[in-house]
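Visitor: Please read through the structure below; I'll follow up with questions.
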Amino acid sequence: MKKTNRQSTLQLSTSQEDYLKEIFLLSERGEPVTTLALAQKIGVKSASVTDMIKKLMELGLVQRKPYQAIYLTEAGNRVALEILRHHRLLETFLAEKLGYRLDEVHGEAEQLEHVISEQFEKAIARMLGHPRRDPHGDPIPTFNLVMPTDTTERTLYSLKKGDRAQITRIMLQDRQSLKHFKTLNLLPGTIITVLDKFEDCMQLSILGQEQKPIKIPLSISEEIMIVPSSLISGKTQ
């Protein structure tokens, strides 16, 4: 049922791959990967996380010292990157070729990411023109399992009144948030201007859209990544 992972001969379960992926994503956000954080993210009890981490440590995929954060080994990191590559290519395929909405692709890709073959992965990457980002703006790891980085990208929260920028990535991917962002047109590629910044929210205008200014909570602005307008030229979306 499970395919052989390209970087090892380990036959991992769907659950094991999910844990490795979530450890990577939590680490990417700069958050300490603890038992509690993983339990909350995956939706299981802390005891279940503890048992799984022990198994992954035995497989040489994660490391953890007593009372310290969990982190991936090199082998574990490569597994996580391959699953993320599958997931983000699948999201792009579903959106561009099958007409899925932005809020629909994540759940579908979650089911498929564990079972596609390397041949299928290559085929959809080629069909899509080897995209660098998925529909949410998340970077797609390369075939050699390198995660692209963009040093010019920052949070919408970092902007001040009068700044102009282009949205590059939406970090929140639950269906309710994505539907809300779509309604407001706060999606990758949208160019916004900060009209004002208050203690609890930001007021934005959207280029080419005739409507009242949009207000979003500052907590949400930390989940939207942007590139300042002075750095937009020549960027691939």
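The values are calculated or read from the model by the stated rules, or taken from the named source; none is laboratory data. These figures come from a predicted structure and were not determined experimentally. Cβ atoms come from the backbone with ideal geometry, glycine included; neighbour counts cover every protein chain shown. SASA here: full protein model, heavy atoms, side chains in, ligands and nucleic acids out. Shrake-Rupley method; radii C 1.70, N 1.55, O 1.52, S 1.80 Å.
Visitor: Among the residues that make up the stretch 141-161, is at least one of them within 16 Å of A95 (Cα to Cα), out of contact with any Ser or Thr (no Cβ under 9 Å at 6 or more places or on another chain) and modelled with pLDDT under 95?
Guide: no
Visitor: Any residue that is among the β-branched types (V, I, T), part of a helix (DSSP H, G or I), open to solvent by 40 Å² or more (accessible area, probe 1.4 Å) and farther than 18 Å from T92 by Cα - is there at least one of those in the stretch 175-185?
Guide: Looking for residues that are among the β-branched types (V, I, T), part of a helix (DSSP H, G or I), open to solvent by 40 Å² or more (accessible area, probe 1.4 Å) and farther than 18 Å from T92 by Cα, one finds at least one in the stretch 175-185, hence yes.
Visitor: Turning to a different aspect of this structure: Quick check, is G129 part of a loop (DSSP other than H, G, I, E, B) and either in contact with a His (Cβ under 7 Å, 6 or more places away or on another chain) or free of Cβ contacts under 8 Å to residues at least 12 places away in the same chain (or both)?
Guide: yes
Visitor: What tally of residues in the stretch 32-47 results from selecting those that are surrounded by 15 or more Cβ atoms within 10 Å (Cβ to Cβ) and charged (D, E, K, R)?
Guide: Total meeting the criteria: 1.
Visitor: Residues that are without any contact (Cβ under 8 Å) to a residue 40 or more places away in the chain, crowded, with 17+ Cβ neighbours inside 10 Å and among the aliphatic types (A, V, I, L, M): does the stretch 196-209 have at least one?
Guide: yes
Visitor: Still on this structure, I have one more. Could you list all residues from the stretch 48-94 that are open to solvent by less than 20 Å² (accessible area, probe 1.4 Å), touching a strand residue (DSSP E or B) at 6+ places or on another chain (Cβ under 9 Å) and either assigned to a strand (DSSP E or B) or of a type in the set (D, E) (or both)?
Guide: The one that is open to solvent by less than 20 Å² (accessible area, probe 1.4 Å), touching a strand residue (DSSP E or B) at 6+ places or on another chain (Cβ under 9 Å) and either assigned to a strand (DSSP E or B) or of a type in the set (D, E) (or both): V62.
Visitor: Looking for something at pLDDT below 90, buried (at least 16 other Cβ atoms within 10 Å of the Cβ), closer than 24 Å to Q173 by Cβ and out of contact with any helix residue (DSSP H, G or I) (no Cβ under 6 Å at 6 or more places or on another chain) - is there at least one such residue anywhere in the stretch 214-235?
Guide: yes
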